[in-house]
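Engineer: Right, I'll just put the structure down here and ask away after.
The values are calculated or read from the model by the stated rules, or taken from the named source; none is laboratory data. In this text, all values refer to a predicted model and were calculated from it rather than measured experimentally. Because the Cβ atoms are built from the backbone with ideal geometry, glycine has one as well, and the counts that use them run over all protein chains shown. Ligands, DNA and RNA are excluded from the accessible area calculation, which covers all protein heavy atoms including side chains. Shrake-Rupley method; radii C 1.70, N 1.55, O 1.52, S 1.80 Å.
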Amino acid sequence: MPAKTTILLRLAPLAIPFLAVFCGGLVLAAAQSLGYFSPLPALPALSADAPTLSGYAALFHGLFPASFFFTLYVALASASLSTALGAFMAYLVWGLPGGFRAAATIYKIPLILPHIAVAFIILILFSQSGFLASVGHALGLVETPADFPALLYSGSGLGLIAAYAYKGLGFVILLAYAVLSRLDRRLIAAARMLGAGPFIVFTRIALPHMAQALGASFIILFLYAFGGFDIPYLLSESNPGMLSILTYNLYFNRDLANRPEAMAALTIMLLFSAVFVALYARIASRMKNTERKL
Amino acid sequence: MFFACRDITKSYGNKPVLKGVSLTVQAGELVSVIGPSGAGKTTLLNILAGLDRPDSGELRFAVPPSKKRPVIMVFQDYLLFPSMTVFENAAFGLRARNMKKDEIRRRVCDALDYFQIADKANAYPDELSGGQKQRLAIARAMAPGPSLLLLDEPFANLDPNLKQDAAAFIKRAQREFGVTTVAVTHDLAEAFVMSGRIAIMLDGALAVTGTPEEIHKNPGGLEAARFLGPVNRIPASLALAPGPGQGFTSGGALYLRPQDLGLRKDPQGEALVQGRAFTGRYYIYEVALADGPLTVHSLQNGIVPGDRVRLFIRESAPAAPPTPIKETA
Amino acid sequence: MTRHDSPSLVRRILTAAFACLLLAACSSEPEKSKEKSVDNLAFAELETMAAGTTVRLFMYGGMANVNAWIDGYVARELRDRYDITLVRTPMDAPAFVNKLLTEKQAGKKDGSMDLLWINGENFKNAKQAGLLYGPFAARLPNDRMYVNQESAQYDFGYPVNGFEAPYGRAQFVFEYDAARTPSPPDSFAALAVWVKEHPGRFTYPQPPDFTGSAFIRQAFYAVSGGYEKYQQGFDQALFDQNAPKLWAYLNALKPYLWQEGRSYPKDSAALDTLFARGEVDMSMGYHPAHAQAKIIEGSYPETARTFVMKDGSIFNTHFTAIPFNAPNKAGAMVAANFLLSPEAQLSKFEPENWGDFPAIDIAKLPEEWREKFNAVNLGPATLSPQALEAVAVPEIPSEYLEALEKGWEENVLR
Amino acid sequence: MRSPRLILAAFTVLFVLPLCVLAGYAAAPGWTFPEIIPARLSGRAFALLAAQGPRIALAMGGSILYSLAAVVLSFLLCLAPAKLFARTSFRGKALLEAALLAPALVPSMTFSMGAHYAFIRLGLADTLPGVILVLTMFSFPYMLRALTAGYGAFSEKYALCAQNLGAGPLTVALRVELPLLAPAAAAGGSVVFLVAFSEYFLVYLIGGGAVPSYSGLLFPYLTSSDRSTASILTLLFLSVPILLFFLTDALLRLFTRGSRMTP
């Protein structure tokens, strides 16, 4: 084992900015949630030298609790959808003959689209007067925009879920395919010879092989959806809305007395996410280096 | 003397790896250190290369290594730089010495010629065969003119049918360039072909040192003998006909090479053959004796399970053990 | 490293973390402002000083035609006339006010914004927190010559005091498609009836969006008997007495709104999109010529028109202001002055450019300019200045505005 | 369902069709329900694109600049720690690795809004270095991960071997380890670039509009009712990562000079 000083010295280039900017940012956010560093020292409630929990208290009387559970639901639903579909599609890609497999790399398109563009695409496809409604009209299913099911802004979060799921799909396929490409194809042949059908082959051989990678990507996608800002900015429901928008409005669109409340929301989001980061680290540490992207 | 090491010890954590190794090598010699994996061979090599330091003991060179007269090691997996061509790989050590371009070109071309990879000069390492890779690795190590060349398991990454050729090639090249060389390997046959002298290393210490012939005749101990090939251990309870060749005894037991132990069909024989397998070179018989089972390695054929046999010592057997045998496990 | 060393490693890291933190949060004297004082310079001197500088204009960025006008006409003219480079940065007004506040709190004397497009509660917040430079409006020649000082005295009931210079005038209008809705409602009472007859075809942007907030203010006037009583500053008792009428009105509409009132468009652009695409039958905006601009842009049908409520249609003036820490105050004043010039105001008035109403008093202009303004064809979708004038009512003081926005969230959204 | 053609068709609908719809909007601002194919084409968005050319180019240039800088900075910061993680084990390593993943996983709003205050005090807010720093802090875990994997993919003996052949530390680093690390660095760099290039919120917050950024230019259009301009700018956005992908591939080929090492 190298000496302690050697370790610290080698870590320093990364550790110093990490501590100063990242950890520093977190601590400053937490400090502001307790009323320190307030931008408006004139406000008596906030100028106190002693920490105040009023920001947290205000959160629990406001829109926060409903928002929290709604955000949780959107993040869980979209990550599950991406992971399930992505695993299946990666398996399909893996089974394709060479030339087709090369063509199937179009699955990387959502990967390079920024979140906000994905939100925009969902908007133009799924709104009640969108492209799919027009397709429905051509098929004689939809007469007026109102006949098209209200997927966006209906309070159901479906638009958000669709956008996050679509954005995550490419990611899951990429990771799952990387793992699958290490799966010995003869295992499938062996299973087929032993009488397994396609469903059994997928669920008993391919899925267990991908399980860790899928678990890891699920957590990554869940956390992105939980804390992301861009997609909700375009697609968020009004009430309950996504946490990031709630926070953004508290921070930017309200007066400064709300700053501790905004920071309290951010701090709670952080603490909640940290649990999942730990979980991710546990899963990922058991994976091969080459099979992780993060 | 080219270099001498005395009583070198080395531990990693609480695990002693070298337990007092002494070895003297003369200039221009090719010495192979052979032994099973985990015996400490590579550690010894790393210490000779200056990549590792001994915990205690002394390593002395007649002329201390310098950048001009370096110690260069050829690693087991060659470690050819994948992003450089064959030529650039071979030139690496020369460039590191800021040699003139023309001089580098001349010396590298000569080396590639000698090592029969001149036609691959512009190829990349992953385009070479196993044998070519090894020759390039040696050429690269030879180019800066090392005073001492170290070969770490030179045959480990070669096809079995290439190993003998490689051994002969290394021997010829070493003679030609006259560079003092120490190799560590667990490939016995190749080490015997290649080396002027052999040292057997067991469990962190050198068991015996000598020319291939000396070692073969007199492995210096049971474990070294076992490392060189199968040995039959005949318990003292089984009295074999003593003859001119007696095998060597230790604590009453008798030790014989397969070629020195015969089996003869005899209905009154003390052993009942229960199983037989052929290894390609000798037979392995499972026999039952009065006081238990015994595995016998022998060149004798024509015996089948169910036969009752008598064991005997062939005349080729050595007269007496060369050194007292320490019997362990 | 041995086992018992590790706590000390952790301790070291923590110590380092807090050292860095303290360094970042507490240290660093605010940098000295490099700028020379511009407070006592004559305008001609300001022009000299501004030559060769860059002016950074921060403004709402969601209207492509406005962006194009600023980046095209205004930037070109400022460069040709004053050798000023104009850089437009899209940012919502609450965001840049917030940014300024944080900068002020952190003691940053050298800012990154020179000129802001601002009004209403954003102006009030900025002014109260001492974020604005001024007074400067009276130093602009065009302000002195062409602006009707009386009409630019208040911004949402808050005294301007020269801390912002007028820039354009806007009035609240509703937009509809004459082909789809032959006779739109003409009052808030009629609107309630219409909405119930056409479920799902009406909505308004979610306050605190600027437009959505303006809509509920108008409704507040309408359901509580006019604007006059609110103009004397905030009165909590009056608010408590009348606000429930507004909540009742809006909650009665709610089940018949788009998405049954579960969601609201997040801003006027989102509402415009719904209207343009036929998902709702009405849009609204704080720009009388907006519908015409959208027709020209190709987003709205040719048959799009605007209407106003006879209960009153609020108007306001929008302004430009200069941050306290603007690095180029001279350039900012020159630009603000140019925006008030008859040329710029006329260009802005043209519906194909923007269609924003002039902030200057046409009557104060020379004859030839008056004719030019009168000759502007506002297009069929825009109501005549006279029709707008007839129903114009002033904005509410911004304390009411904040109370209404907060109340809406608690009483209508939930 | 097992037919490759059918699978590929499904993929095309899922992944390419949305881009076609974007192209449709780009060419037809008035495209609306119930037309499946736009009825009237218009070059308006293209004209706007041409008129805004310099502005778009500036924003694009700014984005590319700070994204590339984030790639370089994250590479430099992660080099030594990645080697440490790949080559040695020490107590607390697992915890440290997990902590260093966090910036990419926890909501970036938390640390950035907190750090905003410190950035203003340090004079980093509204500056290019500030944006580069905050983007690097957000995206370095991808680089760290890639480089750790990269160091793990080749034996540390390469350096030993080169040193044994007489090379100095600089030669070892530049001529031996760097080419071996190049594929991993390129892989990590691509992700960092993509993350930085796509990021809107952090650039908006820390750049404060003073740092030209393509996402900052695009965002208001995406939220406006002008779908035509938004579509065309989105398509333009996509071209950068795609070009980057080919460029990286070519550079990598050149850099590792034909060696068939792949990440």
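Engineer: What number of residues within segment C:269-305 are under 19 Å from residue C:188 (Cα atoms), more than 14 Å from chain A (Cβ to nearest Cβ) and either surrounded by fewer than 24 Cβ atoms within 10 Å (Cβ to Cβ) or under 16 Å from the mean Cα position of the chain (by Cα) (or both)?
Structural biologist: Of the residues in that region, 5 qualify.
Engineer: Of the numbered conditions (1) without any contact (Cβ under 8 Å) to a residue 24 or more places away in the chain; (2) assigned to a helix (DSSP H, G or I), residue D:89 satisfies every one except a single condition; which is it?
Structural biologist: Unmet for residue D:89, out of (1) without any contact (Cβ under 8 Å) to a residue 24 or more places away in the chain; (2) assigned to a helix (DSSP H, G or I): (2).
Here's the yes/no breakdown for (1) open to solvent by less than 10 Å² (accessible area, probe 1.4 Å); (2) modelled with pLDDT under 90; (3) touching a helix residue (DSSP H, G or I) at 6+ places or on another chain (Cβ under 6 Å); (4) of a type in the set (A, V, I, L, M, F, W, C):
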{"site": "B:140", "(1), (2), (3), (4)": "yes, no, yes, no"}
{"site": "B:147", "(1), (2), (3), (4)": "no, no, no, no"}
{"site": "B:153", "(1), (2), (3), (4)": "no, no, no, no"}
{"site": "B:196", "(1), (2), (3), (4)": "no, no, no, no"}
{"site": "B:200", "(1), (2), (3), (4)": "yes, no, yes, yes"}
{"site": "B:215", "(1), (2), (3), (4)": "yes, yes, no, yes"}
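Engineer: Can you confirm whether segment D:53-67 contains a residue that is over 22 Å from the mean Cα position of the chain (by Cα) and farther than 30 Å from residue A:7 by Cα?
Structural biologist: Yes, that holds for at least one residue.
Engineer: Among the residues that make up segment D:135-151, is at least one of them at the interface with chain A (Cβ under 7 Å from one of its Cβ atoms), open to solvent by less than 10 Å² (accessible area, probe 1.4 Å) and β-branched (Val, Ile, Thr)?
Structural biologist: Looking through segment D:135-151, at least one residue is at the interface with chain A (Cβ under 7 Å from one of its Cβ atoms), open to solvent by less than 10 Å² (accessible area, probe 1.4 Å) and β-branched (Val, Ile, Thr).
Engineer: Oh, and also: Can you name every one of the helices (runs of 4 or more DSSP H) wholly within segment C:271-367 that holds 1 or more residues which are hydroxyl-bearing (Ser, Thr, Tyr) and touching a residue at least 24 places away in the same chain (Cβ under 8 Å)?
Structural biologist: Qualifying helices (runs of 4 or more DSSP H): C:342-349.
Engineer: State yes or no: is residue C:376 over 24 Å from residue C:119 (Cα atoms), open to solvent by less than 70 Å² (accessible area, probe 1.4 Å) and not in a helix (DSSP H, G or I)?
Structural biologist: Yes: the conditions hold for residue C:376.
For (1) under 28 Å from residue B:166 (Cα atoms); (2) of a type in the set (S, T, N, Q), each residue gets a yes or a no:
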{"site": "B:25", "(1), (2)": "yes, no"}
{"site": "B:42", "(1), (2)": "yes, yes"}
{"site": "B:78", "(1), (2)": "yes, no"}
{"site": "B:97", "(1), (2)": "no, no"}
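Engineer: With respect to the numbered conditions (1) in contact with a strand residue (DSSP E or B) (Cβ under 9 Å, 6 or more places away or on another chain); (2) over 15 Å from residue B:235 (Cβ atoms), which one is the sole condition not fulfilled by residue B:280?
Structural biologist: (1)
Engineer: Right, another one. What helices (runs of 4 or more DSSP H) lie completely within segment A:60-149 and have 1 or more residues being more than 9 Å from chain D (Cβ to nearest Cβ) and open to solvent by 20 Å² or more (accessible area, probe 1.4 Å)?
Structural biologist: Because the criterion is at least 1 residues that are more than 9 Å from chain D (Cβ to nearest Cβ) and open to solvent by 20 Å² or more (accessible area, probe 1.4 Å), the helices (runs of 4 or more DSSP H) in segment A:60-149 that meet it are A:64-95, A:98-103, A:115-126, A:131-138.
Engineer: Do we have residue D:63 as hydroxyl-bearing (Ser, Thr, Tyr), under 30 Å from residue A:14 (Cβ atoms) and either touching a strand residue (DSSP E or B) at 6+ places or on another chain (Cβ under 7 Å) or within 11 Å of chain A (Cβ to nearest Cβ) (or both) here?
Structural biologist: yes
Engineer: Another question, then. Take the residues of segment C:42-68 that are in a helix (DSSP H, G or I), within 11 Å of chain D (Cβ to nearest Cβ) and open to solvent by less than 30 Å² (accessible area, probe 1.4 Å): which is nearest to residue C:114 (Cα to Cα)?
Structural biologist: Here the answer is C:67.
Engineer: Check off (1) farther than 24 Å from residue D:141 by Cβ; (2) more than 12 Å from every other protein chain (Cβ to nearest Cβ); (3) buried (at least 21 other Cβ atoms within 10 Å of the Cβ) for residue A:209 and give me the number that stays unchecked.
Structural biologist: (3)
Engineer: All but one of (1) outside any loop (DSSP other than H, G, I, E, B); (2) more than 7 Å from chain D (Cβ to nearest Cβ); (3) farther than 30 Å from residue D:254 by Cβ hold for residue B:73, so report the exception by its number.
Structural biologist: (2)
Engineer: Please tell me if residue B:260 is modelled with pLDDT of 80 or more, open to solvent by less than 20 Å² (accessible area, probe 1.4 Å) and of a type in the set (Asp, Glu).
Structural biologist: It is true that residue B:260 is modelled with pLDDT of 80 or more, open to solvent by less than 20 Å² (accessible area, probe 1.4 Å) and of a type in the set (Asp, Glu).
Engineer: Which of the residues spanning segment D:208-239 are more than 8 Å from chain C (Cβ to nearest Cβ), without any contact (Cβ under 8 Å) to a residue 24 or more places away in the chain and more than 25 Å from residue D:130 (Cα to Cα)?
Structural biologist: D:222, D:239
Engineer: OK, next. Can you find, within segment A:12-32, the residue that is nearest to the other protein chains (Cβ to nearest Cβ) among those that are crowded, with 20+ Cβ neighbours inside 10 Å and farther than 30 Å from residue A:56 by Cα?
Structural biologist: Per the criteria, the residue is A:14.
Engineer: Six or more apart or on different chains, Cβ atoms under 7 Å: show the pairs whose first residue is in segment A:266-294 and free of Cβ contacts under 8 Å to residues at least 60 places away in the same chain and within 15 Å of residue D:149 (Cα to Cα) and whose second is assigned to a helix (DSSP H, G or I) and β-branched (Val, Ile, Thr).
Structural biologist: Filtered contacts from segment A:266-294: A:289/D:148.
Engineer: Suppose we keep only residues that are in contact with a helix residue (DSSP H, G or I) (Cβ under 8 Å, 6 or more places away or on another chain), open to solvent by 10 Å² or more (accessible area, probe 1.4 Å) and among the aliphatic types (A, V, I, L, M) within segment D:51-60. Which one would you say is nearest to the other protein chains (Cβ to nearest Cβ)?
Structural biologist: D:51
Engineer: Select from segment B:275-287 the residues that are closer than 15 Å to residue B:232 by Cα and outside any loop (DSSP other than H, G, I, E, B) and write down the one among them that is farthest from the chain's Cα centre (by Cα).
Structural biologist: The qualifying residue farthest from the chain's Cα centre (by Cα) is B:287.
Engineer: Within segment D:2-30, take every residue that is more than 9 Å from chain A (Cβ to nearest Cβ) and either without any contact (Cβ under 8 Å) to a residue 12 or more places away in the chain or open to solvent by 60 Å² or more (accessible area, probe 1.4 Å) (or both) and give me the one that is nearest to residue D:222 (Cα to Cα).
Structural biologist: Here the answer is D:20.
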